[in-house]
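Notes to accompany the following structure.
The values are calculated or read from the model by the stated rules, or taken from the named source; none is laboratory data. Remember, it's a predicted structure, so these values are computed and weren't measured experimentally. A quick note on method: Cβ atoms are made from the backbone with ideal geometry, for glycine too, and the neighbour counts reach across all protein chains shown. These area figures cover heavy atoms from the full protein model, side chains too; ligands, DNA and RNA do not enter into them. Shrake-Rupley method; radii C 1.70, N 1.55, O 1.52, S 1.80 Å.
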Amino acid sequence: MEIPTYDDMLAAHDRIRPHIRRTPVLTSDYLNDRTGAALFFKCENLQEPGAFKVRGAANAVFGLDEDTARRGVATHSSGNHASCLSYAAMLRGIPCNVVMPHTAPQAKKDNVRRYGGKITECAPSTSAREETFARVQAETGSDFVHPYNDPRVIAGQGTCSRELMEQTDGLDMVVAPIGGGGMISGTCLTLATLAPECRVIAAEPEQADDAARSFRAGHIIADDAPETIADGLKVPLKDLTWHFVSSHVTDILTASEQEIVDAMELTWKYLRVVMEPSSAVPLATILKNPELFAGKRVGIVITGGNVDLSRLPWTAA
């Protein structure tokens, strides 16, 4: 198992800087008053493809040698990694094939196609994604860029926390969503060296809480097809991300479906940014556990903003 290092993160930041945005950090007096904490939201939803995953995808794509790049890249993804990999491949001028569950939000499918990615749909389970992907990769010979269990991807995701620490005057903790663990692993990778006193807390839906159960059991517990509004957080941990989670994460907190929707609506209203349900899980866990965060300076990663605007959860009949 190749474990990325802090130097790999620094190299990734140099490599991807021309291809990503240094996203802003926003605050809200209302949300600070509501939580009793000083919250600093790193707005990765404002990346061009709408998600933090462009960092890891760009690092993988622009790190390929010319011979490998000509064969293109491929992945399986519920949406954001697929669109970000398609975007990075478009910038380099190489093919991109992605396997997506047919239940993925239309906004995410539209992004993939807009950036030139070719979609193969599959059933909405981890096993179906991996089985369909094996066939697609065999047919194309493309380089596999795993959505999270890839050292290149984790090194790229770690650049987000580097920027967050540069943009704030010190943090007590950073909270980010966890599905497969790519963002959390990158956060751990960076903060373990840059700010070892800063606690890393992961946030997860109650209905897809395999990471929380894994954390407490001391080994990976994988659910195949959980159901949650936070569609980006349905995938299980893998060996590489488990290395970071088990070694560096302080705790994994969970939130109910309604708590996620409520936090999403609050952020839209008071931070005035478009974020998807997966991105609302950290704030939902902070609102649920105020005693853990009161009086603290807390960084929150808004991981993505790709949401079907015609199907906002608080307007559902």
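Quick notes on this structure:
- Model label zone, Glu166; criterion: amide N under 20 Å from point 7 Å along Cα-to-beta-carbon; scope region 7-38: 7-27
- With a cut-off of 17 Å on the backbone N, the residues of region 129-156 near the modelled label site 7 Å out from Asp65 along Cα-Cβ are 142-144.
- Using the Karplus relation 6.51 cos²θ - 1.76 cosθ + 1.60 with θ = phi - 60°, the per-residue 3J(HN,Hα) values for region 304-315 come to x, x, 8, 9, 6, 5, 7, 10, 5, x, 7, 9 Hz, with x marking Gly and Pro.
- Computed lengthening from Ile221 to Ser125, 0.36 nm per intervening residue step minus Cα-Cα distance: 33.0 nm
- Whether region 225-270 is rounded, prolate or oblate, judged on the alpha carbon gyration tensor where a/c under 1.5 counts as rounded: prolate
- Gain in span if fully extended, Arg22 to Leu194, counting 0.36 nm per residue against the direct Cα distance: 60.1 nm
- In order through region 74-81: 3J(HN,Hα) via Karplus (6.51 cos²θ - 1.76 cosθ + 1.60), integer Hz, x for Gly, Pro: 8, 7, 10, 6, 6, x, 5, 5
- Long-range amide H partners of Ala255 with built H, under 5 Å: Glu204, Glu206
- Nearest-0.05 FRET efficiency for Lys118 and Ile3, computed from C-beta distance (R0 35 Å): 0.65
- Entries in Lys53/Lys234; Lys234/Lys296; Lys53/Lys108; Lys42/Lys296; Lys108/Lys234; Lys42/Lys234 that, when Cα-Cα distance is taken, lie over 20 Å: Lys234/Lys296; Lys42/Lys234
- Centre separation in Å (Cα based) which lies between region 37-111 and region 207-240: 22 Å
- The helix-only estimate of mean residue ellipticity at 222 nm for the chain, built from DSSP H runs of length n ≥ 4 each weighted as -39500 (n - 2.57), is -14000 deg cm²/dmol after division by the residue total.
- Per-selection Kirkwood Rh - region 183-314 (Cα, Å, 1 d.p.): 15.3 Å
- On the chain, 48 percent of the accessible area sits on carbon and sulfur atoms, based on a 1.4 Å probe.
- Between Thr103 and Ser256, the contour length at 0.36 nm per residue exceeds the alpha carbon distance by 53.0 nm.
- Normalised per residue, the accessible area of region 21-60 is 33 Å², obtained with a 1.4 Å probe and no contribution from ligands, DNA or RNA.
- From the largest down, region 163-226 spans 39, 19, 16 angstrom on the principal axes of its Cα atoms.
- Length, then width, then depth: along the principal axes, the Cα atoms of region 88-209 run 47, 37, 25 Å.
- Here the mean projected area of the convex hull built on the C-alpha positions of the chain is 14.5 nm².
- In whole angstrom, region 1-113 maps to an equivalent ellipsoid with semi-axes of 29, 19, 12, each derived as √(5λ) from the alpha carbon gyration tensor and ordered largest first.
- Paramagnetic reach from Ala138 in region 38-80 [backbone N under 12 Å; point 7 Å along Cα→Cβ]: none
- Diffusion coefficient (Stokes-Einstein, Kirkwood radius over C-alpha pairs, 20 °C, 1.002 mPa s) for region 108-164: 159 µm²/s, rounded to a whole number.
- Charged-residue dipole, Cβ positions (Lys, Arg, Asp, Glu), the chain about Cα centre, Debye nearest 20: 760 debye
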